[in-house]
Amino acid sequence: MAEVPAVGGSAQAPGKKGISKIVVLAAIIVVIVVILAGVFIFIMKPSSRSPAATLREMVDSLNEGDHEDFYDTSVYKFSMTYDEFMTEMGEQFADAEYEFDIEQLEVITKDEFTDDQNDYIDDMLPEIEAEINTSVEDYCMIDVSLDWISTYQGETETGTVDGMIICVKVDSKWYLVFPFADLYEEPSEAVPLVVMSKMYVTNGVKINVLDITNSDVEWSDVTVTLTDGTSYAMWEPQTADLDNGSVSTANYSTDELGDLTVCCKVVDLAGNGQIDGADYFELTTYDGDPPFSSAVTYTFMLVWEWDGSQMGSITFTG
């Protein structure tokens with residue numbers, strides 16, 4: 001079948017699930033706070049016991065809805081009075097109902113960090129210490145999975161979010177650290193746009209990258225999204241999986257799309273960990289049973305992780 005090119009756009013993609021970037025996890029945890037004060041926000045109860053206890057206390061504090069305690073245990077108290085805090089945040093607090101439940105929690109000590117985690121901490125730690133104007137005695141990361149329910153302005157949402165949270169020890173107490181605003185480095189360039197084509201293969205479709213406007217976009221900077229118009233399946237390619245110096249292939253776990261179980265294969269022909277022309281994706285249903293439907297129009301999208309913009313999309317049917 002002939003290949004049909006499609007060009008990227010700037011439309012917003014739907015929210016991702018299972019996103020690993022810390023800022024996304026933080027935004028969901030503080031869903032009641034939609035007006036951010038600026039840079040660093042420590043949203044937790046300080047604990048001298050352990051990082052895990054600190055996270056559990058933070059979740060309890062949010063679930064209890066004690067706004068003054070929330071204020072007293074955050075760095076808001078260093079930048080504004082409680083009255084100022086409630087003036088700025090009171091409407092969001094008043095309108096929001098929320099509940100968090102910890103499904104999984106694992107503390108990763110600095111001795112157990114991967115190279116990527118060490119690089120991230122090396123970048124963040126000086127900024128953390130500058131923001132709180134004191135030295136950090138110790139630090140770790142918490143790998144956490146949270147089920148959440150939020151009702152805001154009459155709309156209820158539920159979901160699960162997974163990610164890593166930095167935890168630092170200051171004056172013998174542990175604090176959870178969420179980077180926002182100035183501490184989250186935004187890319188200076190415009191959203192990369194991708195031109196793609198499609199070819200049908202056994203049990204699915206092959207999506208070819210024909211061109212991309214930026215030559216240095218890494219795989220970890222994008223999310224692969226497939227929708228049937230109602231449901232969404234998502235995958236997060238990792239640069240390390242596709243940076244082998246020669247043809248690199250990564251098979252990512254299956255995801256559910258309505259009644260379908262969909263597999264995603266990513267191939268980097270140069271093996272340089274970056275998205276280039278001729279790299280491709282294969283989306284197939286598990287063992288072809290059931291197959292993609294000829295009555296449904298599926299949309300494949302590449303999403304720019306920095307701001308959720310769509311880099312490009314293409315449609316296909318079964």
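Read the figures in this text as sums done on the coordinates, not as results from a lab. Being a predicted model, the structure only gives us computed values, none of them experimental. Reconstructed Cβ throughout: ideal geometry from the backbone, glycine too, with neighbour counts over all protein chains shown.
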By Cβ neighbour count within 10 Å, fewest first, Phe100, Phe113 rank Phe113, Phe100
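Would you order Leu125, Leu260 from fewest to most other beta-carbon atoms within 10 Å of each residue's own beta-carbon?
On the way: Leu125 16, Leu260 23.
If I rank by nearby Cβ atoms, fewest first, I get Leu125, Leu260.
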Full extension between Thr254 and Glu103 adds, at 0.36 nm per residue less the Cα distance, a length in nm of 52.2 nm
Quick calc: nm separation of the 7 Å Cα→Cβ label points for Met86 and Ile149 -> 2.7 nm
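Between rounded, prolate and oblate, where does region 221-318 land on the alpha carbon gyration tensor, with a ≥ b ≥ c its root eigenvalues, rounded for a/c under 1.5, else prolate if a/b exceeds b/c?
prolate
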Quick note on Asp255, Asp83, Asp116, ordering by fewest other C-beta atoms within 10 Å, gives Asp83, Asp116, Asp255
Computed over region 192-258, the relative contact order (Cα-Cα under 8 Å, seq sep at least six) in percent reads 23 percent
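I need the calculated FRET efficiency for the pair Lys110 and Asp60, taking r as the beta carbon distance and R₀ as 25 Å, to the nearest 0.05.
0.45
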Subtracting the Cα-Cα distance of Ser215 and Lys173 from 0.36 nm times their residue separation yields 10.7 nm
On the formula 1/(1 + (r/R0)^6), with r taken between the Cβ atoms of Ala130 and Ala295 and R0 of 35 Å, the FRET efficiency rounded to 0.05 is 0.05
The extension gain from Glu137 to Met199, computed as 0.36 nm times the residue separation minus the Cα-Cα distance, is 16.8 nm
